[in-house]
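Notes for the one structure printed next.
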Amino acid sequence: MGERWYRNGVIYSFDVRAFQDADGDGVGDLRGLISRIDYLGRLGVTTLWLSPIHPSPWRDGGYDVTDHYNVDPSLGSLGDFAELMNVADERGLRVMLDLVLNHTSSEHPWFVSACSDPRSPYRDWYVWSDEEPPDRTEGMIFPGVQRETWTYSDLAGAWYHHRFYDFQPDLNILNPQVRAELGKIVSFWQRLGVSGFRIDAAPFVIEQTEAGGDPEQRDYSFLTELREMTSWRRGDAVFLAEANVPNGDLLRFFGDADGAANRLQMLFAFRLNEALMLSLAREDPRPVTDALARLPRLPRHAQWATFLRNHDEVDLSQLTEDERQDVFAAFGPDRRQQLYGRGIRRRLATMLDGGQRRLRMAHSLQFTMPGTPILRYGDEIGMGEDLRLPERDAIRTPMQWSATANAGFSTAAEQDLVLPVIAEGDHSYEHVNVTDQRRDPDSLLVWFERMLHTRRECGEIGIGEHRVIEVESRHVFAHRADAASGSILFVHNLADRPARVRLPDQGDDDGQPVEVFSDREYPDLDLHDLELDGYGYRWIRLRRTHTRH
């Protein structure tokens, strides 16, 4: 069903600049992405989430935009984007764009005009204070790197607000002209065929900012306006928002009109991500069990987006200090691996010490959680990070296609690459790449293809009701998903020691449970005496209904 495409999909997240370079200038581009589109189709993902592609000075990964209506020349042209939409449509792939609404680049013509003349029509498009704000050193997103959230402009003769870096001035969302312009930006890309938008920093977008004001004051009506606008123009368009807020605030981002989400359809499940990391670190399923119990019940048509790794650091800010230190100790003990005092700037494969069994179990666990899974580029082959690079760049290195020069990413000289390829260690492109894994039937890439295609036959994960099943083994997590189409049971062993699990009577199975995916072929399928290897996992279909609902 078209209206539910986002509930049973798999979203592939990547930066075009780091994916494939077609013209040999060292920067990935849209033509390069088009040349790799069949790889993505074969992998089994359904939606391509592109990090910002707009013109930018690229001081913050493209999140410092200078023109929302165009494509950065280094990536190609609007014509190239149209061609990408054509080839994606032909393969049944949807495209989702990163939408940066909170701020612009300080080089954006709007801000340049706003600074140059207090009578500029764009002056009130940004947030200003004539006096030094008393809270200018509070609310920083990048502690240890960022020094303030208000900066004085000599040219403007006033202080401007920036929740992020000082070269990213915040837009004034309370200005009706700004709201109208942002709506036009969304409409523009919708007309080009985009199916959805990832809203960067959603809580800050709707923050009613003033000097010394309360940052918790938010204007949720803007999200309602955006949703109404997109629904009129394209009924199946989706907003996926980054809103790392307490559970009590989440439903306000979804909205609730007669029991249905009327603002945003999707939110990243940050609390669940933290719980997954803590459970993996402790080899204890209880954090995931607790997180699932605490997640608010969603209104109709709303959906979580689940992830293990994304384009930023692993954010552990909402864990307790003891919990955070446990995750640091397990996955990022070296201070160079940590970031902003709250996160880990590593890829999942290196966090799990490159162990294939544990890595596959972790991905299996994520992909069976309630919601739509996000897969970060390169995780399907087990790429690593380069800690010599600053901040988040460590996990944004070019895709490793082959063992040839520059990992097959580009024919440019090494010094001209957008970021260095990983050329040393166990996760170098000579050891970890698509070409070699394509030839190996036991590789992580081939495993991912099999897992993703199996998941597409398990629609209950995305649309069903999930229920945790209590078992005696303290390292095993068991749960099931139920929908009108059937029921599936999932069992994951978080420890490296074998386990046997006695599941309580499931009651509604049809007497012929079928194992649809597992870490190996197990000889028997006895739900009252279920065998699991260390880091083992089993997906078991209990019931299938073939009638339409």
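The values are calculated or read from the model by the stated rules, or taken from the named source; none is laboratory data. It should be emphasised that the depicted structure is a prediction, and the values quoted were computed from it without experimental measurement. Using ideal geometry, Cβ is built from the backbone for each residue, glycine included, and neighbour counts are taken over all protein chains shown. Side chains are part of the model used for accessible areas, which takes the heavy atoms of the whole protein and leaves out ligands, DNA and RNA. Shrake-Rupley method; radii C 1.70, N 1.55, O 1.52, S 1.80 Å.
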- Item | Check on ASP426, farther than 28 Å from GLN337 by Cβ and either part of a loop (DSSP other than H, G, I, E, B) or hydrophobic (A, V, I, L, M, F, W, C) (or both) | no
- Exclusive hit being open to solvent by less than 40 Å² (accessible area, probe 1.4 Å) and among the aromatic types (Phe, Trp, Tyr), set TRP58, TRP125: TRP125
- Inside region 62-104, can you point out the residues that are out of contact with any Leu (no Cβ under 8 Å at 6 or more places or on another chain), closer than 23 Å to LEU226 by Cβ and open to solvent by less than 20 Å² (accessible area, probe 1.4 Å)? GLY62, TYR63, ASP64, VAL65, HIS68, LEU99, VAL100
- Hey, among the residues in region 522-546 that are closer than 20 Å to LEU365 by Cβ and of a type in the set (D, E, K, R), which one's nearest to the chain's Cα centre (by Cα)? ARG538
- Item | Extreme residue, farthest from LEU298 (Cα to Cα), among residues of region 213-237 that are of a type in the set (Phe, Trp, Tyr) and open to solvent by less than 40 Å² (accessible area, probe 1.4 Å) | PHE222
- Message: Just to be sure I understand, how many residues within region 245-262 are surrounded by 17 or more Cβ atoms within 10 Å (Cβ to Cβ) and part of a loop (DSSP other than H, G, I, E, B)?
- Response: 4
- Note on the structure: Subset of region 166-185, residues in contact with a strand residue (DSSP E or B) (Cβ under 7 Å, 6 or more places away or on another chain), open to solvent by 10 Å² or more (accessible area, probe 1.4 Å) and either in a helix (DSSP H, G or I) or in contact (Cβ under 8 Å) with a residue 60 or more places away in the chain (or both), comes to ASP166, LEU171
- Message: For the condition under 30 Å from THR209 (Cα atoms) and at pLDDT 95 or above, what is the one hit in PRO73, PRO109?
- Response: PRO109
- Note on the structure: Scanning region 382-421 for residues that are under 20 Å from ARG36 (Cα atoms) and assigned to a helix (DSSP H, G or I), the one most open to solvent (accessible area, probe 1.4 Å) turns out to be ALA405
- Please tell me if PHE188 is aromatic (Phe, Trp, Tyr), modelled with pLDDT of 95 or more and in a helix (DSSP H, G or I). yes
- Note on the structure: Of (1) closer than 28 Å to ASP284 by Cα; (2) under 25 Å from the mean Cα position of the chain (by Cα); (3) surrounded by 15 or more Cβ atoms within 10 Å (Cβ to Cβ); (4) without any contact (Cβ under 8 Å) to a residue 24 or more places away in the chain, ALA481 fails just (4)
- Query: Out of the residues in region 319-358 that are among the polar types (S, T, N, Q), open to solvent by less than 60 Å² (accessible area, probe 1.4 Å) and in contact with a Gly (Cβ under 9 Å, 6 or more places away or on another chain), which is farthest from ASP533 (Cα to Cα)?
  - Reply: GLN338
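Let's see how each residue does on (1) touching an Asp or Glu at 6+ places or on another chain (Cβ under 9 Å); (2) at pLDDT 95 or above:
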residue	(1), (2)
ARG467	yes, yes
GLY486	yes, no
HIS492	no, yes
GLU515	yes, yes
HIS528	yes, no
GLY536	yes, yes
ARG541	yes, yes
- Item | Hits in region 188-212 (condition: surrounded by fewer than 16 Cβ atoms within 10 Å (Cβ to Cβ), without any contact (Cβ under 8 Å) to a residue 60 or more places away in the chain and of a type outside the set (Lys, Arg)) | GLN208
- Does LEU240 satisfy the condition of being open to solvent by less than 40 Å² (accessible area, probe 1.4 Å) and in a helix (DSSP H, G or I)? no
- Message: For the list (1) open to solvent by 20 Å² or more (accessible area, probe 1.4 Å); (2) in a helix (DSSP H, G or I); (3) under 25 Å from ARG335 (Cα atoms); (4) in contact with a helix residue (DSSP H, G or I) (Cβ under 9 Å, 6 or more places away or on another chain), I need the number of the one condition that VAL446 fails.
- Response: (3)
- Item | Criterion: surrounded by fewer than 18 Cβ atoms within 10 Å (Cβ to Cβ), in a strand (DSSP E or B) and among the basic types (Lys, Arg) - qualifying residue of ARG474, ARG467 | ARG467
- Item | Within region 263-314, considering residues that are assigned to a loop (DSSP other than H, G, I, E, B) and charged (D, E, K, R), the one most open to solvent (accessible area, probe 1.4 Å) | ARG297
- Task: Within region 213-237, work out how many residues are in contact (Cβ under 8 Å) with a residue 12 or more places away in the chain, in a loop (DSSP other than H, G, I, E, B) and of a type in the set (D, E, K, R).
- Result: 3
- Query: So is ARG455 crowded, with 20+ Cβ neighbours inside 10 Å and among the basic types (Lys, Arg) or not?
  - Reply: yes
- Check MET361 against each of (1) surrounded by fewer than 22 Cβ atoms within 10 Å (Cβ to Cβ); (2) over 19 Å from the mean Cα position of the chain (by Cα); (3) within 22 Å of PHE517 (Cα to Cα) and name the one condition it does not meet. (1)
- Test ARG136 against the stated conditions and say whether it is in a loop (DSSP other than H, G, I, E, B) and open to solvent by 20 Å² or more (accessible area, probe 1.4 Å). yes
